[in-house]
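The values are calculated or read from the model by the stated rules, or taken from the named source; none is laboratory data. Computed from a predicted model, the values in this text were never measured in an experiment. Because the Cβ atoms are built from the backbone with ideal geometry, glycine has one as well, and the counts that use them run over all protein chains shown. Heads up: the accessible areas ignore ligands, DNA and RNA and are worked out on the full protein's heavy atoms, side chains in. Shrake-Rupley method; radii C 1.70, N 1.55, O 1.52, S 1.80 Å.
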Amino acid sequence: MSFSAVEILNQLNSGVCILDRNQNIVYINYKASHIFGVSHADLRGKSYSNMVFPHIPENMRDIRKLPVTIAMQSGKELNYTLYINRGFGSKIPVDCVVSPILDKNNTIIGTSETYITGDVINKRIQKTQMQGVMSQFLSLGALEYIEGKAAKREDSIAIKRYRTIAFLDIVGFTSMSEKYEPLTVINILNDFYQKVHHTIKIFEGDIDKFIGDAMLIVFSNTENAVRCMTDIILKDLPIVNAQLKKKYSEELSLHVGINSGWVIIGELGASTRKDFTVIGDNVNIASRIQSLTSPNEVWISAGCMSNIGQLGMLFEQVDTMKVKGKKRPLTLYKFQPEKLSMSKRVLVFEKSEEVKSDLKLRLRRMGVKEITVVADEIQLEREAQVEFDNMVIGPTAQMSEISKVQQILEKVGHRKDLIIPIAKDVKPESIIALERLGIHTIVAYDETENFDISLKNAIKSQSIKKIKAKEPMSDKEREKWIEEEKEDALNISGFSLGLEKGKINIEIGGNLEDDQISSMLIQLEKLWIYEHKKDINDKINFNFLGQGKFMSRPELEKILRPIYASEQLKIKRWKENPFQIKCDNEELKNRFFNIIKDLNNELVRYEREKSIIDQASEAIEI
C-alpha cells in the first residue's frame, strides 16, 4: 500500500505549513490548523500573515522581519518560538523550524515551517479548546467564577462591585420574526450578535446574557461601555444591515440604555441549575433607560455622564426618570453624533477614475474640506507624511493592497484604525480577513444615500477614538458615590432608617402602606449591600413609636415577612436571629417574637423540603 505526500503529512504529530515565494499558504496539514485553531480549508491559499499576525505583538507585525522572510532571503534554516494566543490570557509556546525549499537548480521557490509540540503543550491546547467551547455559552465572568470555584472548591459568593450595565435591544424584532421561518430568525440574530460581540470584546465588555433579541452587557469601565455602544450604532449596525438587506431585505434598529452604579454579582439558582449574573437596582435602571430611547439612540444616566470625561461633550440632557426608592429623579443624556465635526483632510486610495470622482463628490457633500486621492503605494507614502484624519480605501482594492496600505501607514507612524475600507459586497469572509489585520471598520458601497450615511458614521466613529479617555474613578470618588446612595436610602417618608456600627435602625410610628413597605425593603437591601461583611454580625433594630406600639399581628407580619424572605438580605445565612425590638409594650414584643419564631420554622421546613427535592433531582440525573 502506498501513501501520497499529503496523506503522510496529515498523519504527522507535528504541524507543517508550506508557502510559495509570495508567502501564500500552498498546504497546511491538520495538526498545524489544530495548533492555530483555524480550519485548514480556510487557510489554504491565504497569506501567511493572516495566520501568524494574530499571535505576534502589533509593533512586530512587519512581514520583512518574519522568520519565513529571512529564511527565504538567506537560504538558511531558522529556529524560533511562536506563542500561540488561544484566548483567556493563555499563550502556548510552539517550537518552529523554518526551512527554505529549493528546486533542482537550487533556486529558492518557497519555505516550509514545522511546528513541534509536546504532550504538555497538547494538553494546554485541549484545555483552551474546552474553554473556547464553554465561552460560547457562558459570560467571561461566569467562566472565571466556575474555574475558580472548581480549583478552590469555594462556596457560593455574592459580591458588590461598581459596574456599568448596558442594555441593547433590537427594535420591533417580534413582528419581524413572525414573517420568517424559525431558522431564519435565529440566523438574523446571530449575524447581528456575531458582529457586535467582536466590538464588545475590544472594549473589554462581558455579555452577561442574551435575552432573545436583547443583550445585557457588563463593563468595569464606564467610558469603555459608552464608546462601545456608540461604535456599535455608528460602525457595526450599517455593516450588519448591508448584509441583512442583501439576504433578507431587512434592516435592524437598536435601543441602547446605559447606567453605572453598584450591583450584586453572584450565583443564582437551584443546586442543579445555576447562573452567575448581575442583579440590583442599577441593572433595572439600565433596562428602563433603554426602553425610553428612540431607534438607534444611546441614552446614559447621570452616573455614566460623570465618568466619561471629555466624551460627555457629545451628550446632552433629554429627560428625567423617577426611580422607585430615590428621592431625586434620575437625569438622562442622549448621544448626539452631529456634535462631532467632520474630518479636515481625508486620504483616498483608489485606482478607478469613475469611483475616484464618486467618492470625492460624496466626501465633499459630507463637509470634508480637503480630499487627496492616491492610486499607488509611492503616492500614498508621500501624501501620508502630511497630517490627515482618515484613510478611505476604495472598493476596487484587493486584500493584499489593503494590507500594504496598512503597512505604509504604520511605517510613517499612523494608527491602523484610521483605515476605512469600502466594499461592494460585504461578505463575512471579507470582514474576518480585515479583522485579522486589525481593521474593524468596513462600509458597504452602493449608489444610495445609505452609503453616504454609513461612511459619514464610520468617519465619526474614528473621530470619537481621538477624544482623550478619562482617568478611572478614584477610591475617593467611589466613596462619595456610596455616601450619596446611602443618603437616598435614609430619606424615605413614612418611616425612618438609621445606621450605627453593625446595626440598621428602623423607627415605625404607625401602620405602613404596601408601597411604604416595598420602599423600606428596597432600602434595607441597599444598606445591607453597603454594610455587608463576610462574617455577618449586623442587627436590624425595630423601634416602635406612637401608634406603632399597638400594631396587630397581621400588620406586623406584613412588615416582617418580606424582610425575612428577601434573597438579598439572606437572613437564613446569619449566624443568629438578626432582629431586635425596642418598645415598652410587652404585648407587642411577644407578638413580634412569636412571628419571628413562626417565620424561622417556615424557613427550616422550606430548606428541608428543598433539600429532599434537590437530592431526588440529582438521583434522577444519575
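If I ask for residues that are within 15 Å of ILE18 (Cα to Cα) and either free of Cβ contacts under 8 Å to residues at least 60 places away in the same chain or open to solvent by less than 40 Å² (accessible area, probe 1.4 Å) (or both), which ones from segment 105-117 would you list?
ILE108, GLY110, THR111, SER112, GLU113, TYR115
So, in segment 355-372, of the ones that are among the hydrophobic types (A, V, I, L, M, F, W, C) and over 12 Å from ARG345 (Cβ atoms), which residue ends up most open to solvent (accessible area, probe 1.4 Å)?
Here the answer is LEU361.
Filter segment 369-379 down to residues that are of a type in the set (A, V, I, L, M) and over 15 Å from ILE420 (Cα atoms), then give me how many there are.
Residues flagged as of a type in the set (A, V, I, L, M) and over 15 Å from ILE420 (Cα atoms) within segment 369-379 amount to 2.
Out of all the residues in segment 222-264, which are outside any helix (DSSP H, G or I), open to solvent by 10 Å² or more (accessible area, probe 1.4 Å) and in contact with a strand residue (DSSP E or B) (Cβ under 7 Å, 6 or more places away or on another chain)?
Of the residues in segment 222-264, the ones outside any helix (DSSP H, G or I) are 249-264.
Next cut, open to solvent by 10 Å² or more (accessible area, probe 1.4 Å) only: 249-251, 253, 255, 262, 264.
Within segment 222-264, HIS255, TRP262, ILE264 meet the criteria.
What residue, among those in segment 330-348 that are modelled with pLDDT of 90 or more and open to solvent by 10 Å² or more (accessible area, probe 1.4 Å), is nearest to MET229 (Cα to Cα)?
PHE335
Of the residues SER357, SER352, which is among the hydroxyl-bearing types (Ser, Thr, Tyr) and closer than 14 Å to ALA397 by Cα?
Going through SER357, SER352 in turn, just one is among the hydroxyl-bearing types (Ser, Thr, Tyr) and closer than 14 Å to ALA397 by Cα: SER352.
In segment 374-423, which residues are under 31 Å from the mean Cα position of the chain (by Cα), open to solvent by less than 60 Å² (accessible area, probe 1.4 Å) and polar (S, T, N, Q)?
Residues satisfying the conditions are ASN390, SER403, GLN406, GLN407.
Between a residue in segment 375-386 that is under 11 Å from LYS404 (Cα atoms) and any residue that is open to solvent by less than 80 Å² (accessible area, probe 1.4 Å) and at pLDDT 85 or above, which pairs come within a Cβ distance under 7 Å, given they are 6 or more apart or on different chains?
Between residues of segment 375-386 that are under 11 Å from LYS404 (Cα atoms) and residues that are open to solvent by less than 80 Å² (accessible area, probe 1.4 Å) and at pLDDT 85 or above, the close pairs are GLU377/LYS404; GLU377/ILE408; LEU380/PHE349; LEU380/VAL374; LEU380/VAL405; LEU380/ILE408; GLU381/ILE408.
Only one of these is touching a Pro at 6+ places or on another chain (Cβ under 6 Å) and more than 17 Å from ASP236 (Cβ to Cβ): LYS411, LYS424. Name it.
Values: LYS411 fails: touching a Pro at 6+ places or on another chain (Cβ under 6 Å).
Answer to the check: LYS424.
Looking at segment 170-190, can you tell me whether even one residue there is of a type outside the set (Lys, Arg), in contact with a Gly (Cβ under 7 Å, 6 or more places away or on another chain) and either at pLDDT 85 or above or in a helix (DSSP H, G or I) (or both)?
No.
Does segment 294-302 include one or more residues that are modelled with pLDDT of 85 or more and touching a Cys at 6+ places or on another chain (Cβ under 6 Å)?
No, segment 294-302 contains no residue that is modelled with pLDDT of 85 or more and touching a Cys at 6+ places or on another chain (Cβ under 6 Å).
On the given criteria, is SER287 modelled with pLDDT of 85 or more, of a type in the set (S, T, N, Q) and surrounded by fewer than 22 Cβ atoms within 10 Å (Cβ to Cβ)?
Answer is yes for this residue.
Cβ-Cβ distance below 7 Å, separation of 6 or more or different chains: which pairs start in segment 548-571 with a residue that is over 16 Å from ASN594 (Cα atoms) and end on one that is of a type in the set (Asp, Glu) and at pLDDT below 80?
SER566/GLU525; GLN568/GLU525; LEU569/GLU525
Of everything in segment 209-221 that's in a strand (DSSP E or B) and over 12 Å from the mean Cα position of the chain (by Cα), which residue is modelled with the lowest pLDDT? I'd like the intermediate steps shown before the answer.
Applying the first criterion (in a strand (DSSP E or B)) to segment 209-221 yields 209-211, 214-219.
If we keep only those that are over 12 Å from the mean Cα position of the chain (by Cα) too, we end up with 211, 214.
Working: ILE211: 85, ALA214: 89.
Applying the filter and picking the extreme gives ILE211.
Here are SER357, SER343: which of them is hydroxyl-bearing (Ser, Thr, Tyr) and under 17 Å from ILE420 (Cα atoms)?
It is SER343.
Can you tell me which of (1) under 16 Å from ASN221 (Cβ atoms); (2) surrounded by fewer than 16 Cβ atoms within 10 Å (Cβ to Cβ) is the one ILE308 doesn't meet?
Just one mismatch for ILE308, condition (2).
Could you look through segment 342-359, keep only residues that are more than 36 Å from the chain's Cα centre (by Cα) and not acidic (Asp, Glu), and pick out the one that is nearest to GLN406 (Cα to Cα)?
Across segment 342-359, the extreme among qualifying residues is LYS351.
Any idea which of ILE186, ILE165 is open to solvent by less than 20 Å² (accessible area, probe 1.4 Å), among the β-branched types (Val, Ile, Thr) and out of contact with any Asp or Glu (no Cβ under 6 Å at 6 or more places or on another chain)?
ILE165
Matching residues to (1) in a loop (DSSP other than H, G, I, E, B); (2) open to solvent by less than 30 Å² (accessible area, probe 1.4 Å); (3) under 15 Å from SER400 (Cα atoms):
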position	(1), (2), (3)
ASN13	yes, no, no
VAL16	no, yes, no
LEU19	no, yes, no
TYR27	no, yes, no
ALA32	no, yes, no
ASP42	no, no, no
MET51	no, yes, yes
ALA71	no, yes, no
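Which residue pairs have Cβ atoms under 7 Å apart, sit 6 or more places apart or on different chains, and have a first residue in segment 229-244 that is in contact (Cβ under 8 Å) with a residue 40 or more places away in the chain and a second that is of a type in the set (Ser, Thr, Tyr) and surrounded by fewer than 22 Cβ atoms within 10 Å (Cβ to Cβ)?
Between residues of segment 229-244 that are in contact (Cβ under 8 Å) with a residue 40 or more places away in the chain and residues that are of a type in the set (Ser, Thr, Tyr) and surrounded by fewer than 22 Cβ atoms within 10 Å (Cβ to Cβ), the close pairs are ASP231/THR199; ILE232/THR199; ASP236/THR199.
Taking into account only those residues within segment 81-104 that are over 20 Å from GLY37 (Cβ atoms) and open to solvent by 40 Å² or more (accessible area, probe 1.4 Å), which is modelled with the lowest pLDDT?
Out of the qualifying residues, it is LYS104.
Might you check whether a residue that is touching a Ser or Thr at 6+ places or on another chain (Cβ under 7 Å) and at pLDDT 80 or above occurs anywhere in segment 261-277?
No, that holds for no residue.
Of all residues in segment 298-342, how many are without any contact (Cβ under 8 Å) to a residue 60 or more places away in the chain and part of a strand (DSSP E or B)?
14
Output the helices (runs of 4 or more DSSP H) that fall wholly within segment 445-534 and possess 2 or more residues being surrounded by fewer than 14 Cβ atoms within 10 Å (Cβ to Cβ) and modelled with pLDDT of 75 or more, or say none.
Helices (runs of 4 or more DSSP H) meeting the threshold: 449-465.
Inside segment 204-221, can you point out the residues that are of a type outside the set (Lys, Arg) and surrounded by fewer than 19 Cβ atoms within 10 Å (Cβ to Cβ)?
Once the filter is applied, which keeps residues that are of a type outside the set (Lys, Arg) and surrounded by fewer than 19 Cβ atoms within 10 Å (Cβ to Cβ), segment 204-221 yields GLU204, PHE210, ILE211, GLY212, ALA214, SER220.
Out of all the residues in segment 424-434, which are under 21 Å from ASN457 (Cα atoms) and either surrounded by 17 or more Cβ atoms within 10 Å (Cβ to Cβ) or acidic (Asp, Glu) (or both)?
Those that are under 21 Å from ASN457 (Cα atoms) and either surrounded by 17 or more Cβ atoms within 10 Å (Cβ to Cβ) or acidic (Asp, Glu) (or both): ASP425, VAL426, ILE431, LEU434.
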